[in-house]
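Okay, so here's the structure we're looking at.
Here, each number is a calculation from the coordinates, and none is a lab measurement. Since the model is a prediction, treat every value here as computed from it, not as a measurement. Positions of Cβ are generated from backbone atoms using ideal geometry, with glycine treated the same way; all protein chains shown enter the neighbour counts.
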Amino acid sequence: MVTGQVEQGVSRFMQHVPGQYAQYFHGRLNRRGRLWQIRFYSCMLDRRHFLTALGYVYLNPQRARLVETAAEYRWSSAAAHVGLTEGPAWPDLAALHGRATASDWAARLGQGMERGELAAIRRATQTECPLGRRVLWSRHFRDCHIEPDWLLICKIDGEDLHLVRTGTHSDLF
């Protein structure tokens, strides 16, 4: 998971990484052609959903049947979160452990994710809608009530306004 420090920082970063890595990879193996299947998915998260989304990422290798448990995947810091290894220096594990202890992580990763949580994360990333409370909507998204309990959600992109989805309050929030 990546967090941005400036507006559009993650998007600009992700525009360069695939291109530069693809050049390196193709040059090293003397290959040509497309390396990445599709663009990255993203969505804004509130604090509560950040841990859920991090669990989603950690559980991906297990869902793909690459490992039996998330902590076994060597390219993940999941083992450090559950207390099996010491983590790398770059993620701020102490800040995350302030929100969830090693035993909390072990329980979260051990029980997997509910279908509703999986669906909510996938829907948010595919539509680029924020996952969480309304406070995240203010900068890039706007809602418009067209009936007392029916809303349009629009994404602001410069001067353009794009319809993202419609629904009731319970559907959207």
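What ranking, highest mean first, results for peptides 154-163, 78-87 when packing means the other Cβ atoms within 10 Å averaged over each residue? Please report the intermediate quantities before stating the final value.
On the way: 154-163: 10.9, 78-87: 18.3.
Per-residue Cβ counts within 10 Å, averaged per peptide and sorted highest first, yield 78-87, 154-163.
Extending each Cα 7 Å along its Cβ direction at GLN20 and ALA64, get the distance between those two points in nm, one decimal.
According to this spin-label approximation, the distance is 2.3 nm.
How much length would be gained if the chain were fully extended between LEU84 and THR168, taking 0.36 nm per residue of separation minus their Cα-Cα distance, in nm to one decimal?
Numbers: separation 84, 0.36 × 84 = 30.24 nm, distance 4.37 nm.
Net length gain for the segment: 25.9 nm.
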